[in-house]
Amino acid sequence: MMELRNASLQLGPNRILEAINFSVQPGESVCLVGPSGCGKTSLLRLAAGLVDISGGSVENRFACTAAVFQEPRLLPWRRMLDNIALGLKARSVPRKERLEIARELADSVGLADKYTLFPHELSGGMQQRVALARALAVGADLLLLDEPFSALDVGLRNEAQELVQRLVVDRGIASLLVTHDLTEALRLAHRVVVISGSPGHIVYEHRVDEPFASRTQSWLYEAAAHLLRQPVVNESFLYKPQSEVA
Ligand SMILES: Nc1ncnc2c1ncn2[C@@H]1O[C@H](COP(=O)(O)OP(=O)(O)OP(=O)(O)O)[C@@H](O)[C@H]1O
């Protein structure tokens, strides 16, 4: 599992996060939601070990953690299949084997006919799917996903959420997903964690007991409306950082 205990983060003069206590269990899908600037990405970076914690502790006992960011961050000079296989190369997996794994993953994210294309020949949604396949290729048991669908339009977003559900959540890969979209969180999470304030802190946690198969569009809207009726959640979504207050 991965656990943050009383974690805080200070970047330069700014106190970004404070008193963060939460964990991700094996196979669990946790979604972090909250208004822009509340520190969701910073929390993910803490979890990924990309920034140093300022107080408290972060412990990651997962065997392999991989991340997918807002931008796909593919290597422009590498073909699609080689981009998926990148992490395997770093782990010295022989070329034949890594291409086999990459092909299988390319197929599972719906890019079977695009093996030899370069990133600039792929649409934004396709590039995002390559990034997801690349993270899955290394056999991660914890995936950190930072708003991977935010740049996609509604139809593609729906498709990408379906992929994450099928390839990550249903396969029992633990995930920590940042989004500012409550319905997206409610669709994919076992647990939704709401962050707000400055410094950012956890204001609400919500376990989602509805089976994934029953989370229809109308259920999602209903569940989001229910969450937004909780005063602390409602306030957090109305919250504006001091810098944005006129
Ligand atoms: N390197 C840094 N130095 C100082 N402050 C930073 C740094 N990186 C981020 N911040 C500040 O930390 C706060 C939280 O930023 P963060 O990107 O984690 O929020 P977020 O909730 O992910 O926002 P969004 O939803 O808009 O992506 C912001 O006020 C931001 O300006």
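The values are calculated or read from the model by the stated rules, or taken from the named source; none is laboratory data. Note that the structure is a prediction, hence the values are computed from the model and not measured. Please note: Cβ atoms are built from the backbone with ideal geometry, for glycine as well, and neighbour counts cover all protein chains shown.
Side notes on the structure shown:
- Search result, residues across region 11-47 that are in a strand (DSSP E or B) and of a type in the set (Val, Ile, Thr): Ile16, Ile20, Val24, Val30, Val33
- Against the criterion of being in contact with a helix residue (DSSP H, G or I) (Cβ under 9 Å, 6 or more places away or on another chain), modelled with pLDDT of 95 or more and surrounded by 16 or more Cβ atoms within 10 Å (Cβ to Cβ), Ser8 does not qualify.
- In region 11-67, of all residues being among the basic types (Lys, Arg) and touching a residue at least 12 places away in the same chain (Cβ under 8 Å), the one that is nearest to the ligand (Cβ to nearest atom) corresponds to Lys40.
A quick yes/no check of all residues on (1) in contact with a strand residue (DSSP E or B) (Cβ under 9 Å, 6 or more places away or on another chain); (2) crowded, with 17+ Cβ neighbours inside 10 Å:
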{"position": "Arg129", "(1), (2)": "no, yes"}
{"position": "Leu143", "(1), (2)": "yes, yes"}
{"position": "Ala151", "(1), (2)": "no, no"}
{"position": "Gln161", "(1), (2)": "no, yes"}
{"position": "Gly172", "(1), (2)": "no, no"}
{"position": "Ser175", "(1), (2)": "yes, yes"}
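- Close contacts from region 97-110, counting a first residue that is surrounded by fewer than 19 Cβ atoms within 10 Å (Cβ to Cβ) and a second that is of a type in the set (Asp, Glu), with Cβ to Cβ under 9 Å and a gap of 6+ residues or different chains, come to Leu99/Asp82; Gly110/Glu159.
- Matching option when the condition is within 22 Å of Leu144 (Cα to Cα) and loosely packed, with under 15 Cβ neighbours inside 10 Å, among Glu184, Glu205: Glu205
- Here is the figure for region 17-60: residues that are closer than 11 Å to Pro199 by Cβ, touching a helix residue (DSSP H, G or I) at 6+ places or on another chain (Cβ under 8 Å) and modelled with pLDDT of 95 or more total 2.
- You will find that of Ala189, Ala223, the residue that is among the small types (Gly, Ala, Ser), assigned by TED's automatic domain parsing to the domain that holds Val30, buried (at least 16 other Cβ atoms within 10 Å of the Cβ) and in contact with an Asp or Glu (Cβ under 8 Å, 6 or more places away or on another chain) is Ala223 and no other.
- Of the numbered criteria (1) at pLDDT 95 or above; (2) surrounded by 15 or more Cβ atoms within 10 Å (Cβ to Cβ), the one Val68 fails is (1).
- Boolean, Ser8 is more than 15 Å from the ligand (Cβ to nearest atom) and in a strand (DSSP E or B): no
- Leu167 vs. criteria surrounded by fewer than 21 Cβ atoms within 10 Å (Cβ to Cβ), closer than 28 Å to Pro72 by Cα and under 14 Å from the mean Cα position of the chain (by Cα): yes
- Neighbours by Cβ (under 8 Å, 6+ apart or cross-chain): first from region 194-205, on the phi > 0 side of the Ramachandran plot and touching a residue at least 40 places away in the same chain (Cβ under 8 Å); second of a type in the set (Gly, Ala, Ser) and within 13 Å of the ligand (Cβ to nearest atom): Gly197/Ser236
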